[in-house]
Amino acid sequence: MLHIDAKPIDLKLSTPFRISRGVQAISPNVIVQINSNGYTGYGEASPSEYYGESVETVLACITLFAGNLGDDPFLIEDIMGRLDEIIRLHPSAKAAVDMALYDLIGKILGVPLYKLLGLNPKHTPYTSFTIGIDTPSNMAKKALVARDYPILKIKVGTRNDLAIIEAIREVSSAIIRVDANTGWTPKEAIRMINALAPYNIEFVEQPVPAHDLAGLKLIRENVAIPIIADESCVAIEDIPRLAECVDGVNLKLMKSNGITNVLKMIHVARAHNLRVMLGCMIESSLAITAAAHLTPLVDYADLDGNLLIDNDPYEGVRVVNGKLELPDAPGLGVRAVQG
Ligand code: MG
């Protein structure tokens, strides 16, 4: 029988991280480990209240899953199917198990995850660096501090959105992506996105609430900047519905059950001619590295959760001049930081 353990960990944000829905100073995450024949695979959950999870629900799920993992870590499809039968939803708890299984089998086989998946590590994209909501002048200061990142993702959904983008554009010529995190109405979004047009914005993420697919479609028909769905895209079934409403989808391990399911979602999105972005929550280098291994398959990466924290217990993927550089040690290729 595969043995699983879980322990909570508080990731401390370097500065409080505000989006249109709220602010956080700490991200309470959970590290899991699965042992088999002397090998240990590690995974991480970053539970979001928005998706109905907390550290408590993750720990309860891991207890629930413990007797149901079987004894063969290579049977990931079977195992993940079983977890879905045991309980619906709880995507980050499932992502942690799935990630730990991939880490484990990679270590047993002695190959890094990208190689296990047949992916070319040279084809990783550049990652954006996220600037949370603050005053326009403070956000411009943060853009200056982040000048080594060629792509900035700017959180909006405030009364100052235009002033924010103006202030940042004044000090930065980086590629700018904008994320409203459901903060606008369709009407506001159309007005705002058209006002943003002169500032050379690459795309706008999730302008309106998750359920408002008609709103997304209306916006897309009335603006020139591409629209990417994030909160609207959680389950694989969401993708065909979104195909007529947006230009692309932002997929995350933590909202969609982990690597196994996100791989399927990437291919379904491609079948619907959608652009694909791989994003993250506030996560340590453990989960960020797991996601980074999939990035040779996608167009855009926003894998900076580990760059926003002060106490990252792991090291794995590196960002070199903005580009993701995958580790080539077996499994996820992640190491615990000493001290
Ligand atoms: Mg987003």
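Derivation of every value follows stated rules applied to the coordinates shown; laboratory data play no part. All figures in this text were calculated on a predicted structure; none of them were measured in a lab. Don't worry about glycine lacking a Cβ; one is built from the backbone with ideal geometry, like all the others, and counts go over all protein chains shown.
Per DSSP H run of n ≥ 4, the term is -39500 (n - 2.57); total these for the chain, divide by its residue number, and report the mean residue ellipticity at 222 nm rounded to 500 deg cm²/dmol.
-10000 deg cm²/dmol
How large is ³J(HN,Hα), in whole Hz, for each residue of the range 184-196 in order, when computed from phi with the Karplus curve 6.51 cos²θ - 1.76 cosθ + 1.60 and θ = phi - 60°, using x for Gly and Pro?
10, 8, x, 4, 4, 4, 5, 4, 5, 5, 5, 5, 7
Convert 4 °C to kelvin, take the viscosity as 1.567 mPa s, use the Kirkwood radius over C-alpha pairs of the chain as Rh, and evaluate the Stokes-Einstein diffusion coefficient in µm²/s, rounded to a whole number.
65
Put one equal scatterer on each alpha carbon of the range 14-145, apply the Debye formula with no solvent term, and list log10 I(q)/I(0) at q = 0.15 1/Å to two decimals.
-0.88
Cα-based Rg of the range 204-257 per 2.2 N^0.38 Å, rounded to two decimals?
Its radius of gyration relative to the 2.2 N^0.38 Å reference: 1.03.
Output the Kirkwood hydrodynamic radius of the range 1-92, Cα pairs only, in Å rounded to one decimal.
Mean inverse Cα-Cα distance, inverted, gives 14.5 Å.
Select from the range 225-298 those GluC sites (Glu not before Pro) which occupy a DSSP coil region and have at most 15 other Cβ atoms within 10 Å, ordered by residue number.
Sites meeting the loop and neighbour criteria: E237, E244.
Cut-off is 10 Å between beta-carbons; in what order do V223, V317 appear when sorted fewest neighbours first?
Ordered from fewest to most neighbouring Cβ atoms within 10 Å, V223, V317 come out as V223, V317.
Which log10 I(q)/I(0) values, to two decimals, does the range 114-194 give at q = 0.12 Å⁻¹ under the Debye formula with one point per Cα?
-0.42
If we count other beta carbons within 10 Å of each Cβ, what is the order of R88, R335, fewest first?
Ranked by crowding around the Cβ, least crowded first: R88, R335.
Taking Cα centroids, how far is the range 68-138 from the range 171-204 in Å?
For the range 68-138 versus the range 171-204, the Cα centre distance is 30 Å.
Helix 161-171: angle to the longest alpha-carbon principal axis of the chain, degrees 0 to 90, nearest 10?
For 161-171 against the chain, the angle is about 90 degrees.
Using all Cα-Cα distances in the range 43-100, what percent lands in each 10 angstrom bin from 0 up to the longest?
Going out from 0 Å in 10 Å bins, the range 43-100 shows 24, 59, 16, 1 percent.
Collect residues whose amide H, placed 1.01 Å from N in the peptide plane, falls under 5 Å from the amide H of F203; neighbours closer than 5 in sequence don't count.
Answer set, sorted by chain and number: V178.
Long-range amide H contacts for F129: which residues qualify at under 5 Å (H placed 1.01 Å from N, peptide plane, sequence gap of 5 or more or a different chain)?
Close amide H contacts, sequence-distant or interchain: I151, L152, K153.
What is the ratio of the Cα radius of gyration of the range 26-70 to 2.2 N^0.38 Å, where N is its residue count, to two decimals?
1.28
Under the definition of Cα pairs under 8 Å and six or more residues apart, what whole-number percent is the relative contact order of the chain?
20
Once you've got the Cα coordinates, tell me which of K7/K155; K107/K153; K153/K217; K94/K155 are over 24 Å apart.
The pairs that break the limit, which is 24 Å between Cα atoms, are K7/K155; K107/K153; K94/K155.
Could you tell me what a quarter of the Cα convex hull surface of the range 160-305 works out to, in nm² with one decimal place?
If you wrap the Cα atoms of the range 160-305 in a convex hull and average its projections, you get 8.5 nm².
Over the range 6-73, what is the relative contact order in whole percent, taking alpha-carbon pairs under 8 Å and six or more residues apart?
Once divided by the residue count of the range 6-73, the mean separation gives 25 percent.
If you build the convex hull over the alpha carbons only and average its shadow over all orientations, what do you get for the range 100-244? Give it in nm² to one decimal.
It is 10.8 nm².
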